[in-house]
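The values are calculated or read from the model by the stated rules, or taken from the named source; none is laboratory data. The shown structure was predicted, so the numbers you read here are calculated from the model rather than taken from an experiment. In this analysis, Cβ positions are derived from the backbone assuming ideal geometry, glycine residues included, and neighbour counts consider all displayed protein chains.
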Amino acid sequence: MTFSGKRSLTVVAVAVAAVALAACGKKEAPVADVQVIKIGHVGPVSGAIAHLGKDNENGARMAIEELNAAGLKIGDKAVKFELLAEDDAADPKQGTAAAQKLVDAKVNGVIGHLNSGTTIPASQIYNTAGIPQISPSATNPKYTRQGYAGAFRVVADDVHLGGTLGKYAVETLKGKNIAVIDDRTAYGQGVAEEFKKSVTAAGGTIVGHEFTTDKASDFNSILTTLKAKKPDVVFFGGMDAVAGPMLRQMKSLGIQAKFMGGDGICTAELAKLAGDAMKDEAVVCAEAGGVEGEQKVGMDKFRADFKAKYNADVQVYAPYVYDAVKIMATAMVNAGSADPAKYLPALKSITYKGVTGDISFDEKGDVKNGALTIFTYKGGERSQIAVVR
């Protein structure tokens, strides 16, 4: 069948218009109804501890993808979560610049930073902007003791971390002469001082306290000084990138002492960094957090899913980042708003069952009843000793 030229053009025009309207209906209307929620994440994805920063960022990405797949609504609006990831290189100056960048981007909340030394100065910027912040790993007590309403953390602080390790060094490892080294960062110095207090309280003796930096690679001078004092335990307040070479140099100097540290050294990477200098059960460390019994099933599943997704083992903090993102999103859902001022009260009062355990916050923003997991290393792999609270 054929049509006249004029009628044919009319039919074609109507058909084109109908296709255009249909396309608009499919693509534009739903987008207009979706609220984009920006979650900032900051960690060191460059520099000596980039492996820890990437671990954190992957934990955040995993949570964001799962939230978006769940098709959540906040209030009566569908939402899409967007991750704005920044690198602070574990440097306080770069950390504050990253914080200001997220504030300028009008993020709805921030997860991070990894280090206490970047978290504390950045927290002032977020507080001024009224943006809630959950740190998955900063353990220096000062972070949550500044009086900031929006500062939270999901791990135990240095008072608990250093205190537990100090007691363990004396009572379980039977350390009598204990040496301490710290890297002078907010984290390293903080955990070392709490460790010393606990050692003294438990009846141990601190025979020396030496200092290095978080970028050092030569420790022969301070280790030689400590070797003369015949320590049976050496505690290091710092990160694995420094602890690994330090263990190598301890071996070359013939120092046979047990080596201890906090969560900064308690990583999957430490065995690689230390090489053949790490004997079985010669290193004892503690990770802030811990699960037991039925909760361990959830953590094991997370680790398996993480490995399948990123072809990498969890270093330390990825599960805490993952939980922190989910906690922030849950607070928004509970409050019916992603406006920081409106969901902050819901965040303060939250009770959340995460892969790292049951999480709620005290009046300072610290996790209640925070656990610690004590580890050693066997055959180059971390081996859990105990969960303590």
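For the reader, a short list of remarks on this structure follows.
- Residue within the range 244-263 that is acidic (Asp, Glu), modelled with pLDDT under 95 and assigned by TED's automatic domain parsing to the domain that holds GLU194 present: yes
- Listing of strands (runs of 3 or more DSSP E) fully contained in the range 299-388 that carry 2 or more residues being more than 20 Å from GLN133 (Cβ to Cβ): 357-359, 372-378, 381-388
Residue by residue, here is whether (1) aliphatic (A, V, I, L, M); (2) within 30 Å of LEU165 (Cα to Cα); (3) outside the structural domain of GLY59 (by TED's automatic domain parsing) holds:
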| site | (1), (2), (3) |
| --- | --- |
| VAL325 | yes, yes, no |
| ALA331 | yes, no, no |
| ASN334 | no, no, no |
| LYS342 | no, no, no |
| ILE374 | yes, yes, yes |
| GLU381 | no, yes, yes |
| ALA386 | yes, yes, yes |
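- So ALA192, is it in the same structural domain as GLY264 (by TED's automatic domain parsing), crowded, with 24+ Cβ neighbours inside 10 Å and within 22 Å of the chain's Cα centre (by Cα): yes
- Hits in the range 340-384 - residues which are touching a Phe, Trp or Tyr at 6+ places or on another chain (Cβ under 6 Å) and either of a type in the set (D, E, K, R) or touching a residue at least 24 places away in the same chain (Cβ under 8 Å) (or both): VAL355, THR356, ILE359, PHE361, GLY365, ARG382
- Single residue of LYS197, LYS215, LYS229 found to be among the basic types (Lys, Arg) and closer than 22 Å to PRO141 by Cβ: LYS197
- Selection status of ASP276, assigned by TED's automatic domain parsing to the domain that holds GLU194, in contact with a strand residue (DSSP E or B) (Cβ under 6 Å, 6 or more places away or on another chain) and either modelled with pLDDT under 95 or not in a loop (DSSP other than H, G, I, E, B) (or both): no
- The set of residues in the range 332-351 that are surrounded by fewer than 20 Cβ atoms within 10 Å (Cβ to Cβ) and in contact with a strand residue (DSSP E or B) (Cβ under 6 Å, 6 or more places away or on another chain) contains only VAL333.
Table: residues versus (1) among the acidic types (Asp, Glu); (2) within 28 Å of ALA243 (Cβ to Cβ); (3) surrounded by fewer than 18 Cβ atoms within 10 Å (Cβ to Cβ).
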| site | (1), (2), (3) |
| --- | --- |
| MET299 | no, yes, no |
| VAL321 | no, yes, no |
| ALA329 | no, no, no |
| LYS353 | no, no, yes |
| ASP366 | yes, yes, no |
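- When residues of the range 153-182 are limited to those that are among the small types (Gly, Ala, Ser) and buried (at least 24 other Cβ atoms within 10 Å of the Cβ), the one farthest from PRO231 (Cα to Cα): ALA156
- VAL387 touching a strand residue (DSSP E or B) at 6+ places or on another chain (Cβ under 9 Å), in contact (Cβ under 8 Å) with a residue 40 or more places away in the chain and either crowded, with 21+ Cβ neighbours inside 10 Å or under 22 Å from GLY71 (Cβ atoms) (or both): no
- Test result for VAL284, assigned to a strand (DSSP E or B), in the same structural domain as LYS174 (by TED's automatic domain parsing) and surrounded by 18 or more Cβ atoms within 10 Å (Cβ to Cβ): yes
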